[in-house]
Amino acid sequence: MSSSHHDPRRDSLSRRGLLRRGTLLAGGIAAVPLLNACGGSGGSGAGGSGSGGGSRLVVADWGGALQDAEKKYIFDPFSKETGIEVAIAGPPTGAKIKAMVDTGNIEWDLIAGGPSIVLPLGRDYFEPLPDRLLSIPGIDPAYVDQNWLTYYLFSIVMAWNTEAMKGAKPQGWADFWDTGKFPGKRTLRGADQGVPPDLEFALLSDGVTPDKLYPLDVERAFDRLSKLKPAVPQWWTSGAQPGQMLVSGQVAASSIFAGRLDALKKQGAPLDFTWNGGMLQLGAWSVPKGARNKEAAFKLIEYSVRPEVQAAVWSKYNNGPANAKALDLMDKTWASTLPSHPANAEVQFLYGADWWGQHRNEVLKRFQTFAAT
């Protein structure tokens, strides 16, 4: 269930290796942002469910700089080409999707989801994708499932405030836990709104190798978290939080989405990071069961993975394109900064969506109790 460049019997996490093991990856678990819903009501186009006649499409997204990039380079051009208005809502939590489908009040037509939402909730809550989305040229079959289609790769990495570290550069998660050698406060993901805590990083800090991460040793992970807890003023629960905590000096080091970190560095924030021990994941689209404008949703999915669209959006935001044909349209130097570049991917591990799909709820409950005591 796991994979690693440390295992000589396996190919390195080259692009081909990533694709081959893509079924382990999870999509759409970007941390829940402080997002004001925009157009949170259901798709109100002229067509009924599945008619394709709707002129308005509601996308549940995760907010922040990523959503801004998607709006500019995917949603707005799609609307211009098709005449279908795209309204943004969210965040697309499993609890909200379950409530919508159970009551038949489907407010969203498309969600930034994938296995991390589909597997714990159950496939019955999602529409099967049409055949045309299951075999798109340039997208490896490992990125494709009957209930989701990947449109980018992203990573959670370790970052630090360079001023707080005074020139020291942590090399991995063991250094993150070493608050003696690398002083300062820390933060990691908390368990809020269904987003899992960073148990993997706790285990890596304790010497577990990436190829041995799954199934996660929950007891060992919580033991490590207990040791770090005195240095944690707050567990972060939104994608914007770790960057804010790092820039303000509230913490010296944190786990953070690489894309959000890149945006802060471009603004001049004194931050640095390492790909070493990063958690590589897939970002994917899913359609809730009974979505009013599902045909429009399918059209947007298809549009988002066109090579030229992928090259446009992921040349402006540092996630990796899912369509390999997009890489040929991108600046090579920029491509080397993306999470899926072979040099970066080979020092990361793949998020175990299957394991979390089976154990998410019990771990969330335990972490919530742990954090509150």
In order through segment 140-154: 3J(HN,Hα) via Karplus (6.51 cos²θ - 1.76 cosθ + 1.60), integer Hz, x for Gly, Pro: 5, x, 5, 8, 10, 9, 4, 10, 7, 10, 6, 10, 6, 10, 9
Coordinate range along principal axes, alpha carbons of segment 102-161, Å, largest first: 47, 33, 19
For THR373, solvent-accessible area (1.4 Å; no DNA, RNA or ligand), Å²: 120 Å²
Average Cα contact separation per residue, the chain, under 8 Å, 6 or more apart, as relative contact order %: 29 percent
Alpha-carbon Rg with Dmax, taken over segment 242-373, Å: 18.0, 51
Heavy-atom accessible area ranking, 1.4 Å probe, most first, across THR187, THR82: THR82, THR187
Value of [θ]222 nm, deg cm²/dmol, for the chain, DSSP H segments ≥ 4, -39500 (n - 2.57) each, nearest 500: -9000 deg cm²/dmol
Qualifying lysines (Cα of each under 16 Å from Cα of LYS289; at least 8 residues distant if same chain): LYS96, LYS98
Selection from ALA202, PRO183, LEU216, by position along the positive dipole direction of segment 177-231 (Cβ): PRO183
Computed over segment 140-224: relative contact order in percent, which uses C-alpha pairs under 8 Å that are six or more apart: 19 percent
Derived scalar couplings ³J(HN,Hα) [segment 243-254; Karplus, 6.51 cos²θ - 1.76 cosθ + 1.60; whole Hz; x for Gly, Pro]: x, 4, 5, 5, 5, 6, x, 4, 10, 8, 8, 7
Average accessible surface area per residue within the chain, 1.4 Å rolling probe, Å²: 38 Å²
Separation in nanometres of the label points that stand 7 Å from Cα toward Cβ, at ASP102 and GLU219: 3.4 nm
Accessible surface of segment 189-274, 1.4 Å probe, proportion on carbon and sulfur as whole %: 48 percent
Nonlocal amide H pairs with THR274, under 5 Å, H built at 1.01 Å: MET158
Size of electric dipole in the chain: Cβ of Lys, Arg +1 and of Asp, Glu -1, about Cα centre, debye, nearest 20: 440 debye
Span from the segment 197-245 Cα centroid across to the segment 154-182 one, whole angstrom: 14 Å
Karplus 3J(HN,Hα) series, Hz, for segment 327-333 with 6.51 cos²θ - 1.76 cosθ + 1.60 (x for Gly, Pro): 4, 5, 9, 9, 4, 5, 5
Dipole magnitude of segment 150-305 about its Cα centre (Cβ charges: Lys, Arg +1; Asp, Glu -1), debye to nearest 20: 360 debye
Computed over segment 94-205: relative contact order in percent, which uses C-alpha pairs under 8 Å that are six or more apart: 19 percent
ARG366 accessible area, 1.4 Å probe, all protein chains in place, Å² to nearest 10: 90 Å²
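The values are calculated or read from the model by the stated rules, or taken from the named source; none is laboratory data. What you see is a predicted model, and the numbers here were worked out from it, not measured in a lab. Glycine also receives a Cβ, built like all others from the backbone with ideal geometry; neighbour counts cover every protein chain displayed. Heads up: the accessible areas ignore ligands, DNA and RNA and are worked out on the full protein's heavy atoms, side chains in. Shrake-Rupley method; radii C 1.70, N 1.55, O 1.52, S 1.80 Å.
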